[in-house]
Amino acid sequence: MLRFVVDKASSNWMNVEIIGDREFIASIQEQDGVWVLMADQSLYALQAEGGRDLPVWSSAEKAEVFAENLDQSGLSPVFVPMSNFVGAAWLASSSLQIVEVLASPRYGHESLTYIAEELRARLKT
């Protein structure tokens, strides 16, 4: 299941979801990876029911802008190659317990949200 969170008051909300999804997937496939935020060896992720939600970005710049708005110092963007991201080290990792992936979130805004296993399957094809 791919869950999108958008302003449903807009008459074009379905088109916004599809365009946002296509742009995100195309961007991370083109660069063959994603950007995450880390402070030293600590991954920035949000606690969620059953595990953690992992924000990822399609560019280092977008991740930096997000990090600047947080009250957590020392966060910096780190590139994760696609083969690692979809593999046992990230999305398939039982120790990271990633439940959902937040696609290029912007501080104070809702983001496209993917169930981790479904995004992994989609990116592996």
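The values are calculated or read from the model by the stated rules, or taken from the named source; none is laboratory data. In this text, all values refer to a predicted model and were calculated from it rather than measured experimentally. With ideal geometry, Cβ positions are generated from the backbone for all residues, glycine too; neighbour counts draw on all protein chains shown.
Table for the structure above
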item: Close pairs (7 angstrom Cβ cut-off, 6 or more residues apart or separate chains): outside any helix (DSSP H, G or I) in the range 112-125, of a type in the set (D, E, K, R) and at pLDDT 90 or above anywhere; result: THR113/GLU100; TYR114/GLU100; ILE115/GLU100
item: Pair list, Cβ < 7 Å and 6+ apart or interchain, from the range 62-81 residues that are charged (D, E, K, R) to residues that are modelled with pLDDT under 95 and surrounded by 11 or more Cβ atoms within 10 Å (Cβ to Cβ); result: LYS62/SER104
item: Residue selected from the range 21-42 under the condition touching a strand residue (DSSP E or B) at 6+ places or on another chain (Cβ under 8 Å) and of a type in the set (D, E, K, R), by the criterion nearest to SER95 (Cα to Cα); result: ASP32
item: Residue among GLY20, GLY33 that alone is modelled with pLDDT of 95 or more and under 14 Å from the mean Cα position of the chain (by Cα); result: GLY33
item: Test result for VAL65, of a type in the set (A, V, I, L, M, F, W, C) and crowded, with 16+ Cβ neighbours inside 10 Å; result: no
item: Qualifying residue in the range 91-99 (condition: out of contact with any helix residue (DSSP H, G or I) (no Cβ under 7 Å at 6 or more places or on another chain) and in contact (Cβ under 8 Å) with a residue 12 or more places away in the chain); result: yes
item: Within the range 32-53, tally of residues that are touching a residue at least 40 places away in the same chain (Cβ under 8 Å), of a type outside the set (A, V, I, L, M) and not in a strand (DSSP E or B); result: 3
item: Selection from the range 95-111 of residues that are of a type in the set (A, V, I, L, M) and either assigned to a helix (DSSP H, G or I) or within 12 Å of the chain's Cα centre (by Cα) (or both); result: ILE98, VAL99, VAL101, LEU102, ALA103
item: Residues located in the range 72-104, provided they are out of contact with any Leu (no Cβ under 9 Å at 6 or more places or on another chain) and over 16 Å from ASP40 (Cα atoms); result: PRO81, SER83, ASN84, GLY87, ALA88, ALA92, SER93, SER94, SER95, GLN97
item: Check on SER59, touching a Pro at 6+ places or on another chain (Cβ under 9 Å) and either more than 25 Å from ARG22 (Cα to Cα) or touching a residue at least 24 places away in the same chain (Cβ under 8 Å) (or both); result: yes
item: Matching option when the condition is buried (at least 16 other Cβ atoms within 10 Å of the Cβ), of a type outside the set (S, T, N, Q) and at pLDDT below 90, among LEU91, LEU75, LEU102, LEU112; result: LEU112
item: Some residue of the range 83-94 being in a strand (DSSP E or B) and in contact with a Lys or Arg (Cβ under 7 Å, 6 or more places away or on another chain); result: no
